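*Asks:* Got a structure here, written out as structure tokens. Questions coming.
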Amino acid sequence: MTVFKNNYFKDIFNQATLVFVAQLIPVVFSPIISRIYNEEAIAEITGLISLSSILMVFSSLKLENAIVIEKDTNKAKQIISTCFLIITIYSLLVLIIIILFNETLINVFKLDSTIYLVPIYIFIFSLLNVLNFWFVRIKKFKLKAISKIIESIIYILFSISLFFLIGNNQIGLALGKILGVIIALIVLYKLSSLKLGKISAEKFKKILFKYKEFPLYNAPSNLANVIGLQLLVVFIGIYFSKEEFGFFGLANMIIIIPISFISQSVASIFFQKITEHYQNNNLIELKKTFYKTFTLLLSIGVPAFIILYVGSEYIFSFIFGGQWVISGKIARILSLVFLSQLVVSPLGVFLIAIEEIKLNSYWQYGRFIFVGIVIFISLEILSLNFMDFIKYYSVSIFFIYSIYLIIMLVKLKKLKNK
């Protein structure tokens, strides 16, 4: 295909392929995982990732975006040091929050055995995320994807090994996930060749002031966005049983979580390229990059959506066993969310790249409010059952992401030279 003669699309293809391989590893071993770990163990790791995703939003005040935008390399390194300091302080604050609200968080997120692993996961994953933005800046996209492969291999090997060492348990998957991130973090830091020093109070203040829009607008709105994404997990935890939570957890682990990582990988390359064109005032290439990326994502997303919608029940029952057919039904419903995450979500960084941070924030707040209203009506007014609730949620996500795409297309059309 001629599209892959372009270095940008080669980067996307290579990155997406490697991340796909990284996400394929847990999928390949998931028949083993689903047979040695029960619904409650899968509910534990689902809750761990969900709670961590919500609390992680403020871990670096979203300053990692500035690593890509900052023109001076030395100042970009100072931003990394600033992020590391903020993440350390924030992780300690999360530990205090968990101690204070322990019982409530356990009840909502079904974290009977892994609640105190949340601050550790937030700390190491946030550091890893900051390093990933450094590799985006220096265009070493493959290293980010390779780290995901390392993380996945360690996660699977440790989780299976722990089961055979101590028998049935609820913490093996969570511990395996954390160990995988730690090893990936160590490897990435070694490969980065970064030599980070202490950040002075004066430089710390300057960075916060220069990029104040990220903590003031992007971080709060991103929190609303992440909570919106995790609302399904939260309300399943509140309104439904741990068994149903576990069935959802497998579908989420196989369908939504992997595609979110692939989406983020594409978004990081797209973000770097769009930022470069915008800073160089090259709007013709910027628009070409946007439309070509959208077309590429659509050409991949639609066939994958059809396969999921038609065959997920058979695929889940065949691979994981007949007891997991409910997860297949959930995956079929979530195929609309899958399509939205794959096709529209990676393009969202376009608004940040063209310095429309406030506009992006307004959409994220709107998404949170809209999805929250849909969930409230579904559970409190209509009193829907488990499956119907997921259907209403999926349709609402597809609708709101369609609005997001329209906003981006309108803004792209109106974009003029600076």
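The numbers here are math on the coordinates, done by the rules we state, and not lab data. Nothing here was measured: the structure is a model prediction, and the numbers come from that model. In this analysis, Cβ positions are derived from the backbone assuming ideal geometry, glycine residues included, and neighbour counts consider all displayed protein chains.
*Asks:* Quote the charge dipole size of the chain about the Cα centre in Debye, to the nearest 20; the model charges only the Cβ of Lys and Arg (+1) and of Asp and Glu (-1).
*Replies:* My answer is approximately 2060 debye.
*Asks:* Additional query: Stretch Leu157-Lys139 to full length: gain in nm at 0.36 nm per residue minus the Cα-Cα span?
*Replies:* 3.4 nm
*Asks:* Among the aspartates and glutamates, which have Cα under 15 Å from the Cα of Lys358 when same-chain residues fewer than 8 positions away are ignored?
*Replies:* Glu213
*Asks:* Please list, in order, the residues from the stretch 271-288 whose amide nitrogen is less than 16 Å from a point placed 7 Å along the Cα→Cβ vector of Lys71.
*Replies:* Only 275-282 pass the distance filter.
*Asks:* Taking the number of other C-beta atoms within 10 Å as the exposure measure, put Leu128, Leu283 in order starting with the fewest.
*Replies:* So the residues, fewest neighbours to most, are Leu283, Leu128.
*Asks:* Okay, moving on. At a threshold of 8 angstrom on Cα-Cα distance, excluding pairs fewer than six apart, so keeping six or more, what relative contact order does the stretch 12-100 reach in percent?
*Replies:* 23
*Asks:* Using a cut-off of 15 Å between beta-carbons, work out the net charge of the residues near Phe389 (Lys and Arg +1, Asp and Glu -1, Phe389 not included).
*Replies:* Value of the local net charge: 0.
*Asks:* Figure the gain on full extension for Ser241 and Ile377 (residue separation times 0.36 nm, minus the Cα-Cα span) and round it to one decimal in nm.
*Replies:* 47.0 nm is the gain from fully extending Ser241 to Ile377.
*Asks:* Taking the beta-carbon count within 10 Å as an exposure proxy, list Ser192, Ser200 from fewest neighbours to most.
*Replies:* Ser200, Ser192
*Asks:* With the crude spin-label approximation of a point 7 Å out along Cα→Cβ, what separation in nm comes out for Ile403 versus Glu355?
*Replies:* 2.8
*Asks:* I'd like the projected area of the stretch 48-152, averaged over all directions, using the convex hull of its alpha carbons. Report it in nm² with one decimal.
*Replies:* Mean shadow area of the hull around the Cα atoms is 6.9 nm².
*Asks:* For Thr289, Thr88, what's the fewest-to-most ordering of other Cβ within 10 Å of each Cβ?
*Replies:* Thr88, Thr289
*Asks:* Now for a different question. For the stretch 2-414, treating each Cα as an identical point scatterer without solvent, what Debye log10 I(q)/I(0) comes out at q = 0.06, 0.07, 0.08 1/Å?
*Replies:* The calculated log intensity ratios at q = 0.06, 0.07, 0.08 Å⁻¹ are -0.23, -0.31, -0.41.
*Asks:* OK, next. With r defined as the distance between the Cβ atoms of Ile306 and Met387 and R0 fixed at 25 Å, what FRET efficiency is calculated, to the nearest 0.05?
*Replies:* Once the sixth-power term is evaluated, E becomes 0.75.
*Asks:* Using only DSSP helix segments of four residues or longer, with each worth -39500 (n - 2.57), what per-residue ellipticity at 222 nm results for the chain after dividing by its residue count and rounding to 500?
*Replies:* -27000 deg cm²/dmol
*Asks:* Explain nothing, just the number: relative contact order of the stretch 2-414, from Cα pairs under 8 Å at least 6 residues apart, as a whole percent.
*Replies:* 21
*Asks:* May I ask for the angle, rounded to the nearest 10°, between helix 325-343 and the longest principal axis of the chain, with both axes built from Cα atoms and the value confined to 0 to 90°?
*Replies:* In the chain, helix 325-343 runs at an angle near 10 degrees to the longest axis.
*Asks:* Moving on to the next point. Read phi for every residue in the stretch 303-310 and hand back ³J(HN,Hα) as whole Hz from Karplus 6.51 cos²θ - 1.76 cosθ + 1.60, θ = phi - 60°, with x for Gly and Pro.
*Replies:* Karplus-based 3J(HN,Hα) across the stretch 303-310 equals x, 5, 4, 4, 4, 5, 5, 7 Hz.
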